[in-house]
Amino acid sequence: MTQPKQDRQGDVLQGTLDLLILKAVSLGPLHGYGVLLRIQQISGEELVIQQGSLYPALYRLEHQGAIASEWGESENNRRAKYYRLTEAGRDRLNEETEKWNRMAGIMGTILRATPEGA
């Protein structure tokens, strides 16, 4: 039985938010709310990031040098901070993606295990 989408909101695995943000921003500069929408869109509407989690993560990633920001104008003519991936952020995205794919492979192997003799 699958859970309704509203029950799954926020089901982002611990430690993956930075990776999701880096990936979203790697696709083009985005303002904060745009990052939320991009993650939701590329996840097929399966992941919804809460603003209370997003903005501290954006601040942290900017402080670490993985993303940079500049002020611009949003689609609705409001002042907004736009984030873009830095070279260090691109390196980190590649590193984290490799780690994630390796771990996903390991988890897949473990979860496919069957009892001996079955």
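Once a ≥ b ≥ c are taken as the square roots of the eigenvalues of the Cα gyration tensor of segment 30-87, is the result rounded (a/c under 1.5), prolate (a/b larger than b/c) or oblate (a/b not larger than b/c)? Present the calculation step by step, with values, prior to reporting the outcome.
On the way: a/c = 1.77, a/b = 1.16, b/c = 1.52.
Oblate, because a/c is 1.5 or more while a/b does not exceed b/c.
Under the rule that an exposed site lies in a DSSP loop and has at most 15 other Cβ atoms within 10 Å, name the longest stretch of the chain with no GluC sites (Glu not before Pro) of that kind, not counting the sites themselves. Intermediate results must be reported in sequence, preceding the final value.
Numbers: sites that count: Glu45, Glu46, Glu75, Glu116.
That would be 1-44.
Go ahead and estimate [θ] at 222 nm for the chain from helices alone: -39,500 (n - 2.57) per DSSP H run with n ≥ 4, summed, over the residue count, rounded to 500.
On the way: 5 runs with 63 residues, N = 118.
Estimated from H runs of four or more residues: -17000 deg cm²/dmol.
I'm checking a number: the convex hull volume of the Cα atoms of the chain, normalised per residue, in Å³. What is it? Provide the component values of the computation, followed by the final result.
Working: hull volume 15.1 nm³, N = 118.
So the per-residue Cα hull volume is 128 Å³.
Starting with the fewest neighbours, write out Val25, Val48 ranked by other beta-carbon atoms found within 10 Å of each beta-carbon. Walk me through the numbers before you get to the answer.
On the way: Val25 26, Val48 16.
The fewest-first ordering by Cβ neighbours comes to Val48, Val25.
The numbers here are math on the coordinates, done by the rules we state, and not lab data. As the structure is a prediction and not an experimental result, all values here were calculated from the model. Don't worry about glycine lacking a Cβ; one is built from the backbone with ideal geometry, like all the others, and counts go over all protein chains shown.
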